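The values are calculated or read from the model by the stated rules, or taken from the named source; none is laboratory data. Computed from a prediction, not measured in an experiment: that's the story for all the values here. Using ideal geometry, Cβ is built from the backbone for each residue, glycine included, and neighbour counts are taken over all protein chains shown.
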Amino acid sequence: MTPTKVYEWHALDILDALEAQNSQAEGLNEDTARDRLAEYGPNSLPETRSTHPLLRFLEQFNNPLIYFLLAASVVTFLLDHAIDAAVILLVVLVNAVVGFVQEGRAETALQGMSSLISQHAIVLRDGEKRDIDVADLVPGDVVLIEAGDRVPADLRILRARGLAIEEAALTGESLAAEKQQEPASIAAPLGDRSSMAFSGMLVVRGQATGLVVNTGISTEIGKISGMLQQVPPLVTPLLQQINSFARLLTFVILGFGAALFAFAVLIRGFDPTEALIAVVAVAVGAIPEGLPAVITITLAIGVQRMASRRAVIRKLPAVESLGATSVICSDKTGTLTRNEMKVVRLITAEGEFGASGVGYAPEGTVMPMRGTLAGIDVPDALIRCGALCNDARLTQQDGQWSVAGDPMEGALLALAAKAETDTERLRGEWPRLDQIPFDASYRYMATLHRGPDEEHVVYIKGAPEAVLALCEETAQEIEWSGRVERAAAQGERLLGFAMLRLERPRERITHADLKNARMLGLMGFVDPPREEAKRAIAECRSAGIAIKMITGDHAATAVAIAGQLNLADNPQALTGTEIEALDDDELARRVEQVSVFARASPEHKLRIVRALQSHGHIVAMTGDGVNDAPSLKQADVGTAMGVAGTEAAREASEMVLLDDNFASIVAAVREGRTVYDNIRKVIAWTLPTSGGEAVVIVLAILAGFALPMTATQILWINLVTTVTLGLVLAFEPPEPGVMERPPRRRDTPLLTPLLVWRVALVSALFAAVSLLIFFGAQSQGASVEKARTMVVNMLVVAEIAYLFNVRFLHMRSLTLRGALGTRPVLVALAIVIVAQIAFTYLPFLQLVFETESLTIGEGAIIIVIGFILLLLLEAEKRITRRYAM
């Protein structure tokens, strides 16, 4: 019998296997353990090589956006504009430092998972208990675990006593999983393998002996590690478009410059040196050297805004991807729900009662529900049973209530307070004498109490069917099963409660004493949805963003929560078992119609994300556990939980939520859309202003007249306006209705047809008013230097007018809000005005840029033309506003 066959988790002949390898009492001998260690390798996950800090810093430059910035800086420097080049390089450096700091130490997702593995394990070797290094565990070792331990490897449980293991990091289940030695079904999904203890998970209650069936990369955590390595890094849509745009722009400018140089020399007879200077002027005007820098700054500003909304961006380009998100795959527990159990229903033989309130706060009421006869008192005995058969305590800190102990027991204490029961006084009046702790093998807990009148009473709580089995026959006559099904259909977890009055005083109780108890009733618990999540989901649906709930919980519970959150009009569920039966093509066909994926394993989550991406969706995925790491890395925007999340989840993500709240994701999406709108505004403003300058120079070369601007004057315009007017667009607040528009498609081009039209139109208008001023001034007897001075001022005024127009892509600009502007706009405007006054009137700058002073009348003409230009652009926007830019 080979070890590979023996150590399957579901092996039903596990005890026979133990006899084949030695005995359960003896464990492995050292020789066998040494041989298996050589065969299977150490019980550890692959370690990633540490990266030198300098290399990590240089990696921040390995980005198409940064390539474009560096290329623009080089071109600008070669054009003798060192200041502009220095500004761009400074932006690159700042961006690299921000990225270096944000990503922190080079702890990968694999290292985050490795931190979950305990360092030591108690095993049986040669009949003795030994404390060994966890890396030395091998399949076949018999391991002892107890409360507080981390499971050192995947174990098949041989014996268990009250064992409960916290598996949220692996399965997504909020409650600790009860474990038992009876074998689970071979077809059981990961969350239902009650006879298994998985590596890295925390034992919260009880103790057990288990057989190591998988180690290292073969464990469930190891499998996730393997999947994580196979997920390729994704490039965001913006980076793809910036990369394409940079290549296209470079090709066009180089090709056009060469053609223009040939035309000037061969056709117009220009001196080659003069022709080269003219072509350089065209390139200076055409290259939007400040555009990449402003785009990067826009992204960085978006990061700052998101941080104020409790969302930390780890990778800068992810900001833009958020704005394009069309599907959000969200965990249920703690993200869409409060991760707090609450009693919502009390079921007795006489009727049903509802409980109000939020979380564990002892605030709310207990009232009869519709259909219950009037005059029936609140079931005090049922509530008292829940408060006394209970080991939890409620605590309050900084106004927030929390539970120390089991969440469902905490909910019972909160219920008692709502029914005006003082739990501490009650426990004093009913002192506990003995107890039978909960165990998965019998599924109930019982406590023995001495009442105020010296009577001895046993209170019992547990799984409804287990409690009913202890009750007198008359309890079976009530249709409890139907009530159980109705409550479960609404996503409630149920507990049954019973009491037994003892005929004579007792100091101890046994299972045999728990016969013919009186059924008190049932209670239904829910992890209530977050109210802010419900509002956020409604906002998402109005924005055309689909929400998918992916959870390790049961389908009925998940669908009920989805209905309460209004996740979809008619939420449909797909279970992990059903996903297993579908191939990738079939899953892709169904994934868009399904809103709830229940009992999902890490492989399922990864397949779901890929299936959604196959339809062109940009997917944001939330998660907190190790099991979420592969799908978080695969998603376009992996979103980890900062409070309850594991290091593995955070390292695999682009964004971390500091409050684990779904509403924060939606707020981040809103900011992402605003960032993308602002990037479009930057592009819509920058390209026409650069294009207008280039058109003027090209027309001068083609027509053979004097250049309306020199190369240094063009550089002045670009320097002054780009770092002021162009930059303020990065600070623009969201436009009204930003979350009422459908998400853009992944393949939406950076330059849409309407934006190309706007670039062409504004470039033509800028060129027209520049030539009008240039020839008009010369016709009035002005010198070439004065005419050029007027052209430079005209272009700056035109760019100011266009700035007010482009601040709003989806509404009119000629409004009070548009006229007042924002603080950054007004500051930039003041800087530009002061700079232009200095450019026009300071003798030193007149010498450098070959300018002459203007009269008040000449300045007024320029301002009037600028206002007329604004009116023309507003009229054009009104005509074309019905199209999306």
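Scanning segment 366-418 for residues that are among the hydroxyl-bearing types (Ser, Thr, Tyr) and under 36 Å from the mean Cα position of the chain (by Cα) yields Thr395, Ser402. Taking the numbered list (1) within 21 Å of the chain's Cα centre (by Cα); (2) in contact (Cβ under 8 Å) with a residue 12 or more places away in the chain in turn, Glu531 passes all entries but (2). Within segment 498-516, the set of residues being in contact with a Phe, Trp or Tyr (Cβ under 9 Å, 6 or more places away or on another chain) and without any contact (Cβ under 8 Å) to a residue 60 or more places away in the chain comprises just one member, Leu500. A residue that is surrounded by fewer than 19 Cβ atoms within 10 Å (Cβ to Cβ), assigned by TED's automatic domain parsing to the domain that holds Thr724, basic (Lys, Arg) and without any contact (Cβ under 8 Å) to a residue 60 or more places away in the chain cannot be found anywhere in segment 792-814. Checking Ala440, Ala475 one by one, the residue that is in contact with a helix residue (DSSP H, G or I) (Cβ under 8 Å, 6 or more places away or on another chain), of a type in the set (Gly, Ala, Ser), at pLDDT below 90 and farther than 18 Å from Ile383 by Cβ is Ala475 and no other. Out of curiosity, is Val825 β-branched (Val, Ile, Thr), in the same structural domain as Gly737 (by TED's automatic domain parsing), surrounded by 14 or more Cβ atoms within 10 Å (Cβ to Cβ) and over 22 Å from Val696 (Cα atoms)? Criteria met by Val825. Among the residues of segment 636-648, at least one is of a type in the set (Ser, Thr, Tyr), under 16 Å from Thr335 (Cα atoms), modelled with pLDDT under 80 and buried (at least 24 other Cβ atoms within 10 Å of the Cβ).
You will find that of Gly451, Gly405, Gly371, Gly375, the residue that is at pLDDT 90 or above and small (Gly, Ala, Ser) is Gly451 and no other.
Of the candidates Arg427, Arg443, the single residue that is under 43 Å from the mean Cα position of the chain (by Cα) and surrounded by fewer than 18 Cβ atoms within 10 Å (Cβ to Cβ) is Arg443. Within segment 180-200, the residues that satisfy the criterion of being touching a helix residue (DSSP H, G or I) at 6+ places or on another chain (Cβ under 8 Å) and within 21 Å of Ala598 (Cα to Cα) are Ala184, Ser185, Ala187, Pro189, Leu190, Gly191, Phe198. Are any residues in segment 123-165 assigned to a loop (DSSP other than H, G, I, E, B) and in contact (Cβ under 8 Å) with a residue 60 or more places away in the chain, and if so, which ones? Correct list: Asp126, Gly127, Leu137, Val138, Pro139, Gly140, Asp141, Ala147, Pro152, Ala153. Of all the listed residues (Ala419, Ala411), the sole one being under 20 Å from Ala498 (Cβ atoms) and in contact with a helix residue (DSSP H, G or I) (Cβ under 7 Å, 6 or more places away or on another chain) is Ala419. Going through segment 144-171 one residue at a time, which ones are more than 35 Å from the chain's Cα centre (by Cα), surrounded by 24 or more Cβ atoms within 10 Å (Cβ to Cβ) and not β-branched (Val, Ile, Thr)? Residue satisfying the conditions is Ala160 alone.
Considering only segment 540-564, state which residues are more than 21 Å from Pro742 (Cα to Cα) and either surrounded by fewer than 20 Cβ atoms within 10 Å (Cβ to Cβ) or not β-branched (Val, Ile, Thr) (or both). Before you say what the answer is, go through the steps one by one.
Let us first name the residues in segment 540-564 that are more than 21 Å from Pro742 (Cα to Cα), namely 550-564.
Of everything in segment 540-564, those that are more than 21 Å from Pro742 (Cα to Cα) and either surrounded by fewer than 20 Cβ atoms within 10 Å (Cβ to Cβ) or not β-branched (Val, Ile, Thr) (or both) turn out to be Gly552, Asp553, His554, Ala555, Ala556, Ala558, Ala560, Ala562, Gly563, Gln564.
Helices (runs of 4 or more DSSP H) fully within segment 751-832 that include at least 1 residues being modelled with pLDDT of 90 or more: 753-779, 784-806.
Within the group Ile833, Ile862, which residue is surrounded by 11 or more Cβ atoms within 10 Å (Cβ to Cβ), in contact (Cβ under 8 Å) with a residue 24 or more places away in the chain and either of a type in the set (D, E, K, R) or within 22 Å of Ile714 (Cβ to Cβ) (or both)? Full working, then the answer.
On the way: Ile833 fails: in contact (Cβ under 8 Å) with a residue 24 or more places away in the chain.
Going through Ile833, Ile862 in turn, just one is surrounded by 11 or more Cβ atoms within 10 Å (Cβ to Cβ), in contact (Cβ under 8 Å) with a residue 24 or more places away in the chain and either of a type in the set (D, E, K, R) or within 22 Å of Ile714 (Cβ to Cβ) (or both): Ile862.
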